[in-house]
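Scroll down for the structure; my scribbles are underneath it.
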Amino acid sequence: MKEKNILNNKYFLYLTEFFSGVSVMAVELGASRLMAPYFSSSQIVWTVIIGVIMIAMALGNVWGGRLADKNPSPDRLYGRLLLAAVWIALIPFAGRYLIGGISLLLAAFVTKNFLVWAALFACLAVFAFPCALLGTVTPSLVKYTVSSLDDNGKTVGELGALNTIGSIIGTFLPTFVTIPAVGTAVTFLIFSGVLAAISILYFLSQRKKMVKSALAVALILALGLSSGSYSFAFWEEGIALEDESIYNYLQVKETDSSVILSTNVLFGVQSILMKHAKLTGMYYDYALAAPLMAGITAQNPGSILILGLGTGTFAKYCSEYFPGCSIEGVEIDEKIAGLATEYFQLPDSVDVSVYDGRSYLAASEKKYDVIMVDAYQDITIPFQMSSVEFFTEVYEHLSENGVMVVNMNMKSKAEDSINDYLCDTIRSVFPQVYTAPVANGTNCETFAFRNKGALEAFEENRKALTEPALSDMMETVSGCLTPYQPGNRILTDDKAPVELLGMKVLDEIIADELDYYRELYLGQLF
């Protein structure tokens, strides 16, 4: 029986099982990177991705089992694998348009939990079908590999083990090798190519479906050749760099007035270099009040630590306006740290460490005059840098007159927002906490210190400023500083639901932004 020759080789069947496991996890990891620039990489989005893929795999298992009993022809299995390979190859190219279209459609109707619903429907539309196809592999292979009841347990166990081992490799390989090295789009193409190769090898042995196999190969090769011009933000102009790291999608955009780093194509500015203006007009300027509160001036330099350096906007301003200061910056993303000198003119005097902010603090015995916490990632702050234990660590690393400034980018009109929780947590550690909302934005700067002498030092030092732009900005900060009235909403290492809190504020922001467009769209429809 020519049709069964290659199937008589168990190693080929095991290879099929192994690479189906690899591909499922590669798709899952790729899904998180493809969706992160649009929906964030928060735990909420991860939950949606994992849930959708597990449901798709479960349905695929049931479907595959029934198909194997009804029509055990291996042609159907390897045909499904070939279809899955083509679909996976198309994901990074067609998926971004589907994600954008679904998001725009839902924006017209969904007013609550937009992030969850948009991520859910986008994930269902883009990733569920190929994962369901891959879910049919195991039950079909059981049909071909189990030859007797004497060793069926052993055979099924081996298939399960190979699928699990493949899943492990499919977890590590994209994260640490392919995505940082060649990007998300090529990662999808690599694993789709592997699936296609297995399917084509089978059909070659059977001399069947040669035209379909050739078309699949041609499509994957064509997509591979076009991947060099691939862009997440396909509607943007002036992009100087698009790249990916282990942690982030990275976009550097240059305009006539500025250079901007963003890790999210739909919203957010992580760092900015102004080409002509003295200051940014953003939260970095407000944070410059912290050195003045700590008694730092051009004549009296001090020590500054920045947890969440980005590409060094705040560090650069500190070196300019407070020369002679010892400035340390901690950034977890090595690629972002590398962009600081390449695109954003970070001075060589700034000591940069690639490290997790909290771990760096725990390993240091040094005390600082200013510690800035600017560790927001996507829509929320990492939970380990939001807890009472973390802020206690910061308190212990400040000098007697030291000041902590925290950038919060989720300013909200609602009660019990993430900023309320953060401020209550900070106030449980620091006796003095003041907030300064940033004009024309969603950021709020929070200043925490031990005694009110910091406010007196701030007023004295700001009045002595001679640089007009900085002086005007500090006058603005002085006018909006408000003492924070504490509550009992305390975040701890054990309980810090920052993703859910951040999502509530994001819903509010999105609703405010889309109200006009929603009414316009519905008016045209009806």
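No lab work stands behind these numbers, since they all come straight from the coordinates. Being a predicted model, the structure only gives us computed values, none of them experimental. Backbone-built Cβ (ideal geometry, glycine too); neighbour counts: all protein chains shown.
The table below gives the values:
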item	result
Anchor LYS278: lysines whose Cα lies under 19 Å away (excluding residues fewer than 8 positions away in-chain)	LYS316, LYS463
Length-normalised contact order of the chain in % [C-alpha pairs under 8 Å, at least 6 apart]	14 percent
Lys, Arg +1 and Asp, Glu -1 on Cβ, resulting dipole of region 249-351 about Cα centre, debye, nearest 20	280 debye
Most to least packed among 365-372, 158-165 [average Cβ atoms within 10 Å]	365-372, 158-165
Footprinting exposure proxy for SER258, SER192 (fewest neighbouring C-beta atoms within 10 Å first)	SER258, SER192
Estimated 222 nm signal from helices in the chain, with DSSP H stretches of n ≥ 4 weighted -39500 (n - 2.57), rounded to 500	-18500 deg cm²/dmol
Sites LEU124 and THR482 - FRET efficiency at Förster radius 35 Å, r taken between beta-carbons, to 0.05	0.20
Pairwise centroid distance, computed over Cα atoms, of region 434-474 with region 379-403, Å	20 Å
Net charge contributed by nearby residues that have their C-beta within less than 11 Å of ALA68 (K/R +1, D/E -1)	+3
Lysine pairs in region 2-229 with Cα atoms under 23 Å, if 8 or more residues apart or on separate chains	23
Derived scalar couplings ³J(HN,Hα) [region 75-90; Karplus, 6.51 cos²θ - 1.76 cosθ + 1.60; whole Hz; x for Gly, Pro]	4, 5, 4, 6, x, 5, 4, 5, 5, 4, 4, 5, 4, 4, 5, 7
Inter-label distance, nm, simple model (7 Å from Cα along the C-beta direction), SER349/THR164	5.7 nm
FRET efficiency, SER205 to ASN113 (Cβ-Cβ, R0 45 Å, nearest 0.05)	0.35
The chain, dipole about Cα centre (Lys/Arg Cβ +1, Asp/Glu Cβ -1), debye to the nearest 20	2740 debye
Which of MET473, MET35, MET54 has the fewest Cβ neighbours within 10 Å, and the rest in rising order	MET54, MET473, MET35
Alpha-carbon centroid distance for the pair region 86-135 / region 158-217, whole angstrom	22 Å
Inter-label distance for LYS70 and THR466, nm, one decimal - labels placed 7 Å from Cα along Cα-to-Cβ	8.5 nm
Dipole magnitude of region 2-229, debye to nearest 20 (Cβ charges: Lys/Arg +1, Asp/Glu -1, about Cα centre)	520 debye
Radius 11 Å from Cβ of THR341, net charge of other residues (Lys, Arg +1; Asp, Glu -1)	-1
Options ILE490, ILE336, VAL433, ranked by Cα towards positive dipole end of region 280-509, top entry (Cβ charges)	VAL433
FRET E, pair SER364, THR492, Förster distance 25 Å, beta-carbon r, rounded to 0.05	0.65
Neighbour-count order for VAL211, VAL354, fewest beta carbons within 10 angstrom listed first	VAL211, VAL354
Three-way shape call for region 279-413 based on the alpha-carbon gyration tensor, with the a/c threshold at 1.5	rounded
Full-extension gain in nm, LYS335 to TRP63, via 0.36 nm per residue minus C-alpha separation	93.6 nm
Label zone at ASN440 (point 7 Å along Cα-to-Cβ), backbone N below 20 Å, region 270-299	270-289
Extension gain from THR47 to ILE246, taking 0.36 nm per residue of separation minus the Cα-Cα distance	69.7 nm
Extension gain, SER326 back to GLU396 (0.36 nm per residue minus Cα-Cα distance, nm)	23.3 nm
